[in-house]
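In what follows, a structure is listed as structure tokens, so that the remarks can point back to it.
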Amino acid sequence: MRILFIKLRHIGDSLLLTPTIVATKQKFPEAEIWVLVRKSCDGILAGCPEIDRILCTANPDVAKRHKSELLEDFKIAILLRKTRFDYVFELTDNDRGRCFAITARTQQRCTNIYPNLNRFWQVFFHRICQTERKMKHQVAIDYICPQAVLGLPDEPGPLRFDESCMKPWETSVPLRPGSFVVIHFHTRWKRKAWPLDRWEKFIKGILEWTPLVVLSCGPAPEEIAAARQLVDQGGPNVISTFGKADWAQLAWLLKRAAYFVGVDTAAMHLAAAVGCPTVCLFGPSVKMAYHPWQVKYRMICPHDRLDADDIKKIPPEKLMLSIKENWVLDACRDFA
């Protein structure tokens, strides 16, 4: 049996697919599982040994897409056409994902009844699951169609990044398990970001009872510069990966951390995947759909702290500015 899962979303969304993949492999141990994701999403799936093959499509941002990547997409389409799949699950909910699903050779092309799945696209699918998706976590939404078609258990399990797939992050500072906190402060989504000066004040506060803070960030120059500023302000008890830790190394850090603090990013979901208690800052993100999955967590959200009338006066892109440093510090004390 060969099964293809298609999910052309962001890095964190790829990780949210792993409970479905694990459940499928447990039900069908002999199955060969393929996953088609966007470029740069393969690294975070390296911790899911249940996947047999990962294919990556071109960068979705046309401005950043190289012509050679379009050729790679064409090659992927040919490969999918040549390969016989028993099941193909399209879980992206966009036309690009549906195009790849149509290309794949199979007699069981399956998807959910998404709002923009119009009649044109519906004719290409053999199974369209009608289950209501409202008030569900994204993990559960991804699980709906495979669960119905393959007869998987009723509920999805935890996110997956196996410890055997982790790699140590080397540093001169001792990193004893439980002796440090990992903070991922940056996001490319401005509406999800918390101001750098708030992070400075928060780190100063958390160092009153925390021996060591490890700042995680990506390789982008602006992220590294911001991490450098926080390290300089924080002093010798604050260190950073400075964009040099890959997902396997970050997973290793999170597995040993006392807890994680961060905004709604892939790093937050990776913390959940390794069982790291999490303090998360949510502004415009949908709590029900993207909260840390099956892990101890404390969510800092203006909707839970302010009156409904006050919330209405705040533009969604400004919600993160409503989060106060003491709110986050109080949540961290629960895990201290």
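Laboratory data are not the source of any read-out in this text; all were calculated from the coordinates shown. Given the structure is predicted, the values throughout are model-derived calculations rather than measurements. Cβ: placed from backbone, ideal geometry, glycine included. Neighbour counts: every protein chain shown.
How do Val213, Val231, Val286 line up, fewest other C-beta atoms within 10 Å first?
Values: Val213 22, Val231 18, Val286 11.
Starting with the residue having the fewest Cβ neighbours, the order is Val286, Val231, Val213.
For region 328-333, 3J(HN,Hα) computed residue by residue from phi via the Karplus equation (6.51, -1.76, 1.60; θ = phi - 60°) reads 6, 4, 4, 5, 5, 4 Hz, glycine and proline entered as x. Placing dummy labels 7 Å off each Cα toward the beta-carbon, the span from Ile314 to Thr131 is 3.4 nm.
Looking at region 140-209, the trypsin sites (Lys or Arg not before Pro) that sit in a DSSP loop and have at most 16 other Cβ atoms within 10 Å of their own Cβ are Arg188. In a simple Cβ point-charge model (Lys, Arg +1; Asp, Glu -1; nothing else charged), region 216-315 has a dipole of about 320 debye relative to its Cα centre. So for the pair Asp52, Ile78, with labels modelled 7 Å out along Cα→Cβ, what separation do we get in nm? Those two pseudo-labels are separated by 2.3 nm. Of all DSSP beta bridges in region 2-150, what percent run antiparallel (nearest 5)? Expressed as a percentage, antiparallel bridges in region 2-150 total about 0. In this structure, the amide hydrogen of Tyr259, modeled 1.01 Å from its nitrogen in the peptide plane, lies closer than 5 angstrom to those of Val182, counting only residues at least 5 positions away or on a different chain. In this structure, the residue pairs whose Cα-Cα separation is over 26 Å, taken from Lys190/Lys244; Lys296/Lys324; Lys25/Lys255; Lys244/Lys318; Lys167/Lys204, are Lys244/Lys318; Lys167/Lys204.
Please order Trp169, Trp209, Trp189, Trp199 by the number of other Cβ within 10 Å, starting at the fewest.
Details: Trp169 19, Trp209 10, Trp189 14, Trp199 24.
The fewest-first ordering by Cβ neighbours comes to Trp209, Trp189, Trp169, Trp199.
Would you mind calculating the relative contact order of region 2-150 from Cα pairs under 8 angstrom and at least 6 residues apart, reporting the percent as a whole number? Could the numbers behind the result be given before it?
Values: 245 pairs, mean separation 35.0, N = 149.
Reported relative contact order: 24 percent.
Here's how it looks for Leu215: its modeled amide H is under 5 Å from those of Ile183, Ile239, Ser240, Thr241, which are all 5 or more places away or on a different chain. Here the relative contact order of region 164-333, from alpha carbon pairs under 8 Å that lie six or more residues apart, stands at 26 percent.
Between region 273-322 and region 183-203, the C-alpha centres lie 14 angstrom from each other. Only one residue of Ser68, Trp327, Ile11 has its Cα farthest out toward the positive end of the dipole of the chain, where Lys and Arg carry +1 and Asp and Glu -1 on Cβ, and that residue is Ser68.
Order by neighbour count: Met166, Met1, fewest other Cβ atoms within 10 Å first, most last. Let's see the in-between values first.
Values: Met166 21, Met1 13.
Ascending Cβ contact count within 10 Å gives the list Met1, Met166.
Relative contact order, whole percent, for the chain stands at 16, derived from Cα pairs under 8 Å and 6 or more residues apart.
At full extension, Thr103 and Val149 could sit 14.5 nm farther apart than now, given 0.36 nm per residue minus the alpha carbon distance. The phi-based Karplus calculation (6.51 cos²θ - 1.76 cosθ + 1.60; θ = phi - 60°) puts the 3J(HN,Hα) values of region 178-193 at x, 9, 8, 10, 9, 10, 10, 9, 9, 8, 6, 8, 4, 5, 9, 7 Hz, whole numbers, x for Gly and Pro.
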